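The structure appears right after this line, and notes come after that.
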Amino acid sequence: MFSDFTANRFHHQGVDIFYRMAGEGPPLLLLHGHPQSHVIWHKVADQLRSEFTLVLADLRGYGDSSRPKTDEHHTPYSKRVMASDMVALMASLGFEEFAVLAHDRGARVAHRMAVDHPKFVQRMMLLDIAPTLTMYENTDEMFARAYWHWFFLIRPAPLPEILIKNNPDAYLDGVMGVRSEGMKHFSQEALAEYQRCIRIDGTAESMCEDYRASASIDLDHDRADRASGIKLEMPIEVLWGSEGVVGQCFDVLAEWRKVANNVSGEALPSGHYIPEEIPDILLDRALKFFR
């Protein structure tokens, strides 16, 4: 995987962000979700780099990026801080404007990045999420059962961390394998990378802090945006899996139109892991949207 991509590290505010880069053309930043890494893009990256300068980054706490210590407010894992990592990374590469393709947690980072740094984000495609505030404020039994890890990971330390570290493969299977017909959509090479990275010291703690931040400081930031009437203006395409939970629990486009003025999108024939389940369909949509 990624044989023609350069592997690099960017140092920012005491954290090293691992990223791969390749291609020519307009810059496109790709952000992954939980519990994965930039490897989630391996089925579409080669085709996209023929038209774009691709930057595939590991979020702090994931992949081969640093796992910084937290604080009592979970600030180091707030989406505001995680978004600042990515803006600084792209600026260091000479990109003061760029597009974003993001899945799951990465899409939440992208949302915050667009709010805090709208001059940097030209347009973005978000995969299989509704706004974080919407999802927490409208949780019902169906959502809680399907997204059980949202509520497991925010429990006080160290219980979730202990349980994850006791059997990391079981945790991956429990999150990734309960949807989309088990693990069949994940290549053995990609799965081996996810299994390697979850074993890196500090990963369990960082993953929990990511979610604890989303259930606390991130909600404070989102509520402040709502109170201020902030709405995004750049084009946003939201795609979700028709076989997943997001579209069944939320009116996805209606919720995004509460926070953005230029939103399009639809359900695709997929579960949650769109880049690995239906890469050809995603590639077609991405090329049409980002060209």
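Summary table
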read-out	value
Single condition T134 does not satisfy, out of (1) crowded, with 18+ Cβ neighbours inside 10 Å; (2) in contact with a Gly (Cβ under 9 Å, 6 or more places away or on another chain)	(2)
Selection count, the stretch 24-49, where residues are over 19 Å from the mean Cα position of the chain (by Cα) and over 22 Å from I278 (Cβ atoms)	3
Pair list, Cβ < 8 Å and 6+ apart or interchain, from the stretch 101-112 residues that are under 13 Å from A130 (Cβ atoms) to residues that are aliphatic (A, V, I, L, M) and in a strand (DSSP E or B)	D104/L127; A107/L31; A107/L126; A107/L127; H111/L126
Answer from I200, I164 - the residue that is among the β-branched types (V, I, T), closer than 17 Å to H32 by Cβ and either buried (at least 17 other Cβ atoms within 10 Å of the Cβ) or out of contact with any helix residue (DSSP H, G or I) (no Cβ under 8 Å at 6 or more places or on another chain) (or both)	I200
Test: residue in the stretch 88-100 that is within 20 Å of E209 (Cβ to Cβ), touching a helix residue (DSSP H, G or I) at 6+ places or on another chain (Cβ under 6 Å) and crowded, with 24+ Cβ neighbours inside 10 Å	no
Single residue of V252, V259, V238 found to be of a type in the set (V, I, T), in contact (Cβ under 8 Å) with a residue 24 or more places away in the chain, buried (at least 20 other Cβ atoms within 10 Å of the Cβ) and in contact with an Asp or Glu (Cβ under 8 Å, 6 or more places away or on another chain)	V259
Scan of the stretch 204-214 for residues that are under 16 Å from the mean Cα position of the chain (by Cα) and either over 11 Å from Y77 (Cβ atoms) or small (G, A, S) (or both), ordered by number	S206, A213, S214
Condition met for E255 (at pLDDT 95 or above, out of contact with any strand residue (DSSP E or B) (no Cβ under 7 Å at 6 or more places or on another chain), acidic (D, E) and not in a loop (DSSP other than H, G, I, E, B))	yes
Yes/no for L219 being part of a helix (DSSP H, G or I) and under 28 Å from P27 (Cβ atoms)	no
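The values are calculated or read from the model by the stated rules, or taken from the named source; none is laboratory data. Keep in mind it's a predicted model, so treat the numbers as computed, not measured. Counting neighbours? That spans all protein chains shown, and the Cβs are built from the backbone with ideal geometry, glycine included.
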